Structures are given as structure tokens and as C-alpha cells.
């Protein structure tokens, strides 16, 4: 079982609210990722980080932002949630070695009304 | 067009039966291919990983094969159990990426009935 955690697991909020999805890992991994996954669809990379103070946008454009102040923590923030943000958000991390596996958190299911 | 295509999209089998899931990819240059299992409402968990030189890898009742020439992989599940019900995702990594970027298939949704 991977030591990567996400909170909350489920979130229902109204349009316009600011939300932060938490992700933390205790494996000391430098590389961390955020993915968005809709039902029946592939995972899309929205943000990634090589390490502390490093953040980059992924392949899928997202209105969310991320920060990496500590190695173990990689929160994702939506300043003003909209119904189009309804999705599942998965956090992952991996060690900085060749062929290393990405370990995924349990995900946060977000519903914006 | 997605660079990783999986078939079938969904599959229903009876408990105890075997099944085979398919994955075709166009990712290049190829580094490795992983099969992940994703239970409903959970994150994906890695089952197997194969590099260019490997053509088969087993993990218990799961056996993955890879044909790097035809860019095809399969995941064979033997003597299925109810707990095998999940989405099985084929994930390919390219060799040129220091990010370790992954290309995901849409998954095959497997349902095992008693």
C-alpha cells in the first residue's frame, strides 16, 4: 500500500467557492503529480512538480493552481469552482530514479453545483 | 487520438474464468509499459511493469505480455475472483522524458459475476 493521502475524499460545493485539495506522501518522493479523470476516460496530467518550489502545468489546461513548499505536500487550489470542474482528482508521486513506479492516492471526487 | 488504446472497453465474466485484455500503443520512443488496477473510487495500483527487452511478466494470477515490435500488450487474468472487478489501465512511458510522463489508456472495465 502506497503512503500517499488525499483529503477530502468527496466534496460537494457551490459555484464560486474556493477549494483546496490536499495531497501528502511520506515516501520522500521528489516528483509529484495531479491528474484529472472523468468517468470512462483516461487520466490527464494537469500539474507536476520536480521538487520543492518547482511546479509546472501539465498536458491538460486547468484553472487550478498548485504549490510545493514542502517535499511531502502538494496541494491543489481552485479559486472559484465551476460545474465544469466536477471530476475526480488523483495525486501521485514517484522516486527520482529511472523506471520508478508512480504511486497514486485514493483520489478526491469533486462535485460543483 | 490517444496514443494508448485498450480493448474491450468493458467485459463481464463469471467467477473462475480466464480473460485477456488488450493494449495497443503508438508512444515513441518507448521506455516501459505498466498495467494498473483501479478499483471504483480508488487510485490506480501498479500490477506489472515491462521494459523493451521483456516480453512477459507475472504477478500472481496476472500475466502481462509485450510485443515491442507490434506495440501490443495483453493482460491475462487466470481463475478470476470477484475482487478482480475493477478498471485495468494500460500505461506507457516514453524514453525521452525526464519527467517520467505517462500515457494512459481509458481502461477496460472488468466485472466478475458469481
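Okay, here's what the table says:
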| read-out | value |
| --- | --- |
| Residues within segment A:95-108 that are under 17 Å from residue B:38 (Cβ atoms) and within 7 Å of chain B (Cβ to nearest Cβ), tallied | 6 |
| Residues satisfying the stated conditions in segment A:10-59, i.e. loosely packed, with under 13 Cβ neighbours inside 10 Å, at pLDDT 95 or above and within 10 Å of another protein chain (Cβ to nearest Cβ) | A:10 |
| Members of segment B:9-55 found to be farther than 22 Å from residue B:85 by Cα and loosely packed, with under 15 Cβ neighbours inside 10 Å, listed by number | B:26, B:28, B:29, B:52, B:53, B:55 |
| Qualifying residue in segment B:19-40 (condition: more than 19 Å from residue B:71 (Cα to Cα), more than 14 Å from chain A (Cβ to nearest Cβ) and assigned to a strand (DSSP E or B)) | yes |
| Verdict on residue B:80 being part of a loop (DSSP other than H, G, I, E, B) and at pLDDT 90 or above | yes |
| Subset tally (residues that are in a helix (DSSP H, G or I) and surrounded by fewer than 18 Cβ atoms within 10 Å (Cβ to Cβ)) for segment A:77-96 | 2 |
| Test result for residue A:62, within 12 Å of the chain's Cα centre (by Cα), more than 19 Å from residue B:92 (Cβ to Cβ) and within 11 Å of chain B (Cβ to nearest Cβ) | no |
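The values are calculated or read from the model by the stated rules, or taken from the named source; none is laboratory data. Note that the coordinates shown come from a computational prediction; the quantities given were computed from them, not determined experimentally. Positions of Cβ are generated from backbone atoms using ideal geometry, with glycine treated the same way; all protein chains shown enter the neighbour counts.
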